[in-house]
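Please read the structure below before turning to the comments.
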Amino acid sequence: MKKSFRKAEIQGKLTIRKTTVKKLFFYALSCLAFTGFLISCAVLPPVVEDIPPVDIEAVPPVIPELPLRPIMPPVPEFIMGRGIVPAEDMAAFLLGANTGIDEDFVEELAVIYVEEAALEGINHDVAFAQMCLETGFLRFGNLVTPEMYNFAGLGATGLPGPDGLPVRGLYFPSPRIGVRAQIQHLKAYASETPLNQELVNPRYHLIRLGRSPAISGLAGTWAADPHYAEKINNILEQLYSFSFGTLAALPSP
């Protein structure tokens, strides 16, 4: 009985040892396989794709898109508002229409129109176009002459005066005061709002305030000409076409 028990105990120990040896054997094989994999990764050269060279001259250059000038805006309907044509464009437009006038004077006059119109809320494009019409692009005429600084024919009715001669326009002491008088006259037609500047136009109180907010209302009121407003609009269209109408890329340097 004791021999049988001893034999079973020995066989059990042998079985345990065999199992342990097998586990150690397979563990060793796994370690060897993993070590071999690491060695192969370190030894093998990186895979490089065969990329053909690029012909730089054959690639078309990327041309950046140049900014475009804005599309020509519509002609304004009302006298009040904000002008959009820069002073330098207004001066260039006027100099192109009348090459016989002093360039410095025209450039200064354009700036005055922008400044004086802004102070009273008048669209300086409208006031400037009216001046071009009234003075014949600063060529003036018999009833209004350059030294009057009267840019809108103020007071020049052409009717016979006390001396039997046609009534000429009003005199103003400087270009700025002359422009201011025109702006105040336009505001009287366009709005009932009081003036922001000191009154320089002696005919301002002869107008019913706010009688004509639109440019179209100046025909037959400011001037007897039924086409007066149409002529102002035509000059505005020419001015806008000059300043904004060319839809083209800016020239390259």
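May I ask you to list pairs of residues, at least six apart or on different chains, whose Cβ atoms are under 9 Å apart, with the first in the stretch 117-135 being outside the structural domain of LYS187 (by TED's automatic domain parsing) and the second being of a type in the set (Gly, Ala, Ser) and not in a helix (DSSP H, G or I)?
none
Does ALA181 satisfy being in contact with a Ser or Thr (Cβ under 6 Å, 6 or more places away or on another chain), assigned to a helix (DSSP H, G or I) and modelled with pLDDT of 95 or more?
no
When PHE242 is evaluated against the numbered criteria (1) crowded, with 19+ Cβ neighbours inside 10 Å; (2) touching a residue at least 60 places away in the same chain (Cβ under 8 Å); (3) assigned to a helix (DSSP H, G or I), which criterion, by number, is the only one it fails?
Unmet for PHE242, out of (1) crowded, with 19+ Cβ neighbours inside 10 Å; (2) touching a residue at least 60 places away in the same chain (Cβ under 8 Å); (3) assigned to a helix (DSSP H, G or I): (1).
Would the stretch 186-195 turn up any residue that is within 35 Å of the chain's Cα centre (by Cα) and of a type in the set (S, T, N, Q)?
yes
Given ARG203, ARG176, ARG211, ARG180, which one is among the basic types (Lys, Arg) and buried (at least 19 other Cβ atoms within 10 Å of the Cβ)?
Criteria check complete, one pass: ARG180.
Using beta carbons and a limit of 9 Å, which pairs, at least six apart or on different chains, have the first residue in the stretch 137-149 and under 17 Å from GLU107 (Cα atoms) and the second one polar (S, T, N, Q) and crowded, with 18+ Cβ neighbours inside 10 Å?
Matching pairs, first to second residue: PRO146/THR135.
Go through the residues of the stretch 157-171 one by one and say whether even a single one is assigned by TED's automatic domain parsing to the domain that holds LYS231, at pLDDT 95 or above and among the basic types (Lys, Arg).
no
How many of the residues in the stretch 235-251 are modelled with pLDDT under 80 and under 12 Å from VAL85 (Cβ atoms)?
Counting residues in the stretch 235-251 that are modelled with pLDDT under 80 and under 12 Å from VAL85 (Cβ atoms) gives 1.
Pick from ASN196, ASN142: which is outside any helix (DSSP H, G or I) and either touching a strand residue (DSSP E or B) at 6+ places or on another chain (Cβ under 9 Å) or not assigned by TED's automatic domain parsing to the domain that holds LEU119 (or both)?
Going through ASN196, ASN142 in turn, the sole match is ASN142.
Tell me yes or no: at least one residue of the stretch 153-166 is under 20 Å from ALA117 (Cβ atoms) and surrounded by 14 or more Cβ atoms within 10 Å (Cβ to Cβ).
yes
Output the residue which, of all residues in the stretch 125-139 that are of a type in the set (Gly, Ala, Ser) and in a helix (DSSP H, G or I), is surrounded by the fewest Cβ atoms within 10 Å (Cβ to Cβ).
Per the criteria, the residue is ALA127.
The values are calculated or read from the model by the stated rules, or taken from the named source; none is laboratory data. All values derive from a computational prediction rather than experimental measurement. Every residue, glycine among them, receives a Cβ derived from its backbone with ideal geometry; neighbour counts consider all protein chains shown.
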